[in-house]
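The values are calculated or read from the model by the stated rules, or taken from the named source; none is laboratory data. Keep in mind the model is a prediction, meaning the values are calculated, not measured. Positions of Cβ are generated from backbone atoms using ideal geometry, with glycine treated the same way; all protein chains shown enter the neighbour counts. We work out accessible area using only protein heavy atoms, side chains counted, and drop any ligands, DNA or RNA first. Shrake-Rupley method; radii C 1.70, N 1.55, O 1.52, S 1.80 Å.
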Amino acid sequence: PALAQLVAEQAAAADGRFSLGLSGGSLVGLLAQYLPPAVATTGPAAPARWLVAFCDERLVPPQHPE
């Protein structure tokens, strides 16, 4: 919940588009659970202005099974 609140506060303070990069794993599920209520209580965090990117920190060839 604290991370979701921090993200919502940063989004509300952003001037223009807010960018958020997620590495995957359990982080996506946690934010999906806790971010909507945090955004609703933080004010003008307008998710329509967000750019959400999913990042993969692994360096493998595109054909690699992982």
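Full extension from residue 66 to residue 26: what is 0.36 nm times the residue separation minus their Cα-Cα distance, to one decimal in nm?
Working it through step by step, the gained length comes to 12.7 nm.
Taking amide H positions as placed in the peptide plane 1.01 Å from N, state which residues far from residue 22 in sequence (5 or more) or on other chains have amide H under 5 Å from it.
Here 53, 54, 55 satisfy the definition.
Ignoring any ligand, DNA or RNA, what whole percent of the accessible area of the chain comes from carbon and sulfur when the probe is 1.4 angstrom?
62 percent
Just to check I understand the Karplus step: with θ = phi - 60° and J = 6.51 cos²θ - 1.76 cosθ + 1.60, what whole-Hz values come out for segment 52-66, glycine and proline as x?
So the J values, rounded to whole Hz, are 9, 10, 9, 10, 10, 7, 7, 10, 9, x, x, 7, 5, x, 7.
Which shape class applies to segment 2-54: rounded if a/c is under 1.5, otherwise prolate when a/b exceeds b/c and oblate if not, where a ≥ b ≥ c are the square roots of the Cα gyration tensor eigenvalues?
Oblate shape, in that a/c is at least 1.5 and b/c is the bigger or equal ratio.
Pick out, in residue order, every one of the trypsin sites (Lys or Arg not before Pro) in segment 1-58 that is DSSP loop and has at most 12 other C-beta atoms within 10 Å; say none if there are none.
In loop regions of segment 1-58 (DSSP not H, G, I, E or B), the sparsely surrounded trypsin sites (Lys or Arg not before Pro) are 17, 58.
Using a 1.4 angstrom probe, figure out how much accessible area the chain has per residue, in square angstrom, rounded to the nearest whole.
Solvent-accessible surface per residue comes out at 70 Å².
Residues in segment 25-65 near a label at residue 14, defined as backbone nitrogen under 11 Å from the 7 Å Cα→Cβ point?
45-53
What's the angle, to the nearest 10 degrees (0 to 90), between helix 26-42's Cα axis and the longest principal axis of the chain?
10 degrees
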